[in-house]
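A short write-up of the structure that comes next.
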Amino acid sequence: MRLRDQLDQAEEMTLAMAQSWICIALRRSKVKKSELARRLGVSRPYVSNLLSGGENLTLRQLARVMWALGFEVRFDIVNRSRRRQDGGTRG
């Protein structure tokens, strides 16, 4: 796979993971999309777009959304080459 394709795939996987975190936080906080939109001062369609990938999710937006839901974002990094060698453990 070409480097450009690998980078594109990494971007998509990271965005999908962030959107998944937001969905999990919505469920855990029992906040509806309309209430989240109110807390953020945006429209409900904007929130739906964020969750569906129709809107480019920035780190700032992710932090604001998670904070509005009562969560904070923490990141972890995983060495790709080590992950392949040992079957996926963190390193």
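Working note: Karplus 6.51/-1.76/1.60 with θ = phi - 60° gives the stretch 68-79 the couplings 4, 8, x, 10, 10, 9, 10, 10, 9, 10, 10, 6 Hz, where Gly and Pro are set to x.
Charged neighbours of Ser29, selected by a Cβ distance under 11 Å, balance to +4 (K, R count +1; D, E count -1).
Set the Förster distance to 22 Å, then compute FRET efficiency between Gln19 and Val78 from the Cβ-Cβ distance, nearest 0.05.
0.70
Restriction of the trypsin sites (Lys or Arg not before Pro) in the stretch 18-68 to DSSP coil positions whose beta-carbon has at most 14 other beta-carbons within 10 angstrom yields Lys30, Lys32. Principal semi-axes of the equivalent ellipsoid, √(5λ) from the alpha carbon gyration tensor of the stretch 1-83, are 27, 15, 9 Å from largest down. Counting every other Cβ atom within 10 Å of each residue's Cβ, Trp21, Trp67 order from fewest to most as Trp67, Trp21.
Values in this text are rule-based calculations from the coordinates and carry no lab data. From a predicted model like this one, the values you see are computed outputs, not experimental measurements. In this analysis, Cβ positions are derived from the backbone assuming ideal geometry, glycine residues included, and neighbour counts consider all displayed protein chains.
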